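The values are calculated or read from the model by the stated rules, or taken from the named source; none is laboratory data. Predicted model, so just to flag it, every value in this text is computed and none were measured. Counting neighbours? That spans all protein chains shown, and the Cβs are built from the backbone with ideal geometry, glycine included. Protein only, heavy atoms only, side chains kept; ligands, DNA and RNA dropped before computing areas. Shrake-Rupley method; radii C 1.70, N 1.55, O 1.52, S 1.80 Å.
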Amino acid sequence: MTTPETYVQQKAAASGSSFYYAFMFLPQPRRQAITAFYAFCREVDDVVDEVHDAEVATRKLQWWRQEVSAAFAGNPSHPVLQALMPHTGAYGIQAQHLHAIIEGCEMDLAYSRYTDFAGLQRYCHLVAGVVGEVAAKIFGQTQQATTAYAHRLGLALQLTNILRDVGEDALRGRIYLPIQELQRFDVKASEILDRQYSERFIALMQFQAERAHRLYDEALALLPAADKRTQKPGLMMASIYRTLLREIEASQFQVLHQRIGLTPLRKLWLAWKMQALGRM
């Protein structure tokens, strides 16, 4: 019989995400909490990515909203929330955090384009900033200022994801790059949907990459010295994703026809280097 703890462990491991490498070095209670929380994020994100009927996906996300409310009222029925609820008190995880993440996933059903960066930032706040905020608490945050760092890092990580997945997202009919910025670089949405590379596309992507690098720098500057040790898992993520960003740049942004990634061994090395040596 699969226990809730086994279920979330399998869900997290099956995703193949870089986040998994950052969890490995945590003490067991924190590792259990972040694994359950990450499994929740995967569950609601999978609704949007795997359910092709928007009406069905909307109903499933509404079910998750009700499940979160029931769980915080003491009646979790899904194994993910059964695994997560024992940790919510210790790490300050609130229903509003989980509802915000669901709201971000709902935006994927409502919007396939964003007019400007401010609109995209709102989406990133919900699907990555809030995730970063909760993760920082689980990792052992002691300083209030660490929340601002977590949100800025979440934005940097999400923008890196967006750059990596431009081609995959286009296959789903989604372009996250803001319309105003496509227009600024004279890149038509149809060119992205048709996987057409150009100097204009490369210039647009370089602009996005430079913004992401600035956000990584800003996030690291916001992290209080007193929390640098507790936040090592987040710093591992920063190291892995920033290395990925540099790989995307080195490829001249050849992301429309392939998914650029790092090998598991390289991710493990980057995570270990941060854990053992404290550097990226």
Query raised in the report: Say we look at the stretch 94-125 and pick out the residues that are free of Cβ contacts under 8 Å to residues at least 40 places away in the same chain and within 16 Å of Tyr38 (Cβ to Cβ); which of these is surrounded by the most Cβ atoms within 10 Å (Cβ to Cβ)?
Result: Gly104
Requested in this report: Could you please let me know if Gly154 is touching a Gly at 6+ places or on another chain (Cβ under 6 Å), under 23 Å from Ile260 (Cα atoms) and assigned to a helix (DSSP H, G or I)?
Outcome: yes
Report summary line: Note on the stretch 1-47: residues in a loop (DSSP other than H, G, I, E, B) and under 14 Å from the mean Cα position of the chain (by Cα) are Ser15, Gly16, Ser17, Ser18
Query raised in the report: Within the stretch 58-76, can one find any residue that is exposed (fewer than 13 other Cβ atoms within 10 Å of the Cβ) and within 28 Å of Arg259 (Cα to Cα)?
Result: no
Query raised in the report: Gln183: under 19 Å from Gln206 (Cβ atoms), out of contact with any helix residue (DSSP H, G or I) (no Cβ under 6 Å at 6 or more places or on another chain) and part of a helix (DSSP H, G or I), yes or no?
Result: yes
**Report entry** Close pairs (7 angstrom Cβ cut-off, 6 or more residues apart or separate chains): closer than 20 Å to Gln206 by Cα and open to solvent by less than 20 Å² (accessible area, probe 1.4 Å) in the stretch 142-165, of a type in the set (A, V, I, L, M, F, W, C) and not in a helix (DSSP H, G or I) anywhere
**Finding:** Leu163/Val255
Query - In the stretch 181-217, the residues that are more than 17 Å from Gln252 (Cβ to Cβ) and exposed (fewer than 14 other Cβ atoms within 10 Å of the Cβ) - result: Gln183, Arg184, Asp186, Ser190, Asp194, Arg214, Asp217
Query raised in the report: Does at least one position in the stretch 48-55 carry a residue that is assigned to a helix (DSSP H, G or I), surrounded by 13 or more Cβ atoms within 10 Å (Cβ to Cβ) and free of Cβ contacts under 8 Å to residues at least 24 places away in the same chain?
Result: no
Query raised in the report: Is there a residue in the stretch 190-200 that is touching a residue at least 24 places away in the same chain (Cβ under 8 Å) and more than 24 Å from Tyr114 (Cβ to Cβ)?
Result: no
Report summary line: Of the listed residues (Ala170, Ala226, Ala271), the one being open to solvent by less than 10 Å² (accessible area, probe 1.4 Å), touching a residue at least 24 places away in the same chain (Cβ under 8 Å), hydrophobic (A, V, I, L, M, F, W, C) and in a helix (DSSP H, G or I) is Ala271
Report summary line: Being out of contact with any helix residue (DSSP H, G or I) (no Cβ under 9 Å at 6 or more places or on another chain) and of a type in the set (Lys, Arg) narrows Arg31, Arg59, Arg42, Arg65 down to just Arg59
Query - Complete set of residues in the stretch 84-124 that are of a type in the set (S, T, N, Q), part of a loop (DSSP other than H, G, I, E, B) and at pLDDT 95 or above - result: Gln94, Thr115
Query raised in the report: Of the numbered conditions (1) assigned to a helix (DSSP H, G or I); (2) open to solvent by 70 Å² or more (accessible area, probe 1.4 Å), Arg259 satisfies every one except a single condition; which is it?
Result: (1)
